[in-house]
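No value in this document is a laboratory result; all are computed from the given coordinates. Just so we're clear, the structure is a prediction, and the values are computed from it rather than from any experiment. Ideal geometry is used to build each Cβ from the backbone, glycine not excepted, and the neighbour counts take in all protein chains shown.
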Amino acid sequence: MLKFTKMEGLGNDYVYMDAINQKIKHPKELAMKISDRHFGIGSDGLILIGDSDVADFKMSIYNPDGTEAEMCGNGIRCVGKFLYDKGYISKTKVTIETLAGVKNLELILEDGKVKFVKVDMGVPIFEPALIPVKDYISYRFDNLEFTKVKVDSLELTCISMGNPHAVCFVSDVDDIDIVKVGPLTENAQNFPRRVNAEFIEVKSRGEIKMRVWERGARETLACGTGACASVVASILNGYTEREVTVSLLGGKLNILWDKNNNHVYMTGPARIIYEGEIDLD
């Protein structure tokens, strides 16, 4: 039997497991089984919380198709809540190792529990080889060079926040046939490791509306790294200021791209849904 906690950040739901005190075998296959919303627990993937040699804890993320993701913004906020609310830590600042590097979290409490988490998401990555992206066109903004690609009729701004994103600006996100254009973008030949696709409607200089097609997971209610990439893309294209509210299907995130240190900061909620044990034999 494996103990688990079902958690969500803006409806981006994952199954969280303590990989310190219980042995997790074959995590890719496990992720595929437990993510199934008919025959499993049902989630956008599996997140394992383990020991780290370089940070307080390590987070490993597996998509519903079994592939491993570098980073998950909504997921890492829930990791912070998991660790504090369950007594693994008593401090409100914690470091988490991910495949996208070590991330710093600040836990914001309400009635002794974590309500919101502010995450230093690090510096956005524009270098084509590191996103990765190919067959691109280069642009400049404020002494920064960034890239765009064309996929059919879509113009996409390419950014990595530890995982690859392609941001498309549209007049009305509700009119997007995301089931069609999402896979088209995700699997375009421009992206050697596939890509997360964000579709953005600019509401004002301080707010954008977003839908996201996530690599290996289809459309989800929210994507933290995608929200960060979308705000950076909005600034690069001259649409918004540096602090933006991102309205997603699952709720709102506050994203700040700090001009002083070039870091992107994400603040949003995290919530425990339920806990249990599962036997997959």
Label-point gap, in nm, between Arg193 and Asp281 - each point 7 angstrom along Cα→Cβ: 3.7
Amide H contacts under 5 Å for Lys115, placed H, 5+ residues apart: Ile108, Leu109, Glu110
For peptides 107-115, 161-169, sequence by mean Cβ density within 10 Å, most packed first: 161-169, 107-115
Peptide ranges 46-53, 129-136 listed from the most packed, as the mean C-beta count within 10 angstrom indicates: 46-53, 129-136
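If Lys and Arg each add +1 and Asp and Glu each add -1, what is the summed charge of the other residues whose beta carbon sits under 12 Å from the beta carbon of Val212?
After counting each charged neighbour, the total is -1.
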Segment 195-224 residues near the modelled Arg37 label - backbone nitrogen below 18 Å, point 7 Å along Cα→Cβ: 211-224
Shape category assigned to segment 18-164 from the gyration tensor of Cα positions, a/c cut at 1.5: oblate
Prolate/oblate/rounded call for segment 137-262, Cα gyration tensor, a/c under 1.5 rounded: oblate
Among the listed pairs Lys113/Lys252; Lys6/Lys58; Lys6/Lys252; Lys6/Lys93; Lys33/Lys203; Lys6/Lys180, those beyond 28 Å (Cα-Cα): Lys33/Lys203; Lys6/Lys180
Amide hydrogen neighbours beyond the local backbone of Leu221, cut-off 5 Å, H modeled: none
Full-stretch length increase - Ile273, Leu184 - with 0.36 nm per residue and alpha-carbon distance subtracted: 28.7 nm
Pairwise label distance in nanometres, Asp65 with Thr95, each label 7 Å out on the Cα-Cβ vector: 3.4
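Relative to the Cα centre, what is the charge dipole magnitude of segment 102-143, using +1 at the beta carbon of each Lys and Arg, -1 at the beta carbon of each Asp and Glu, and rounding to the nearest 20 debye?
That gives segment 102-143 a dipole magnitude of about 80 debye.
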Hz values of 3J(HN,Hα) by residue in segment 254-260 - Karplus curve (6.51, -1.76, 1.60), Gly and Pro given as x: 9, 10, 10, 9, 6, 6, 6
Rg to Rh, two decimals, where the chain supplies the alpha carbon set and Rh follows Kirkwood: 0.96
Positive-end residue, the chain charge dipole about Cα centroid, Cβ charges, pick of Trp257, Phe141, Tyr88: Tyr88
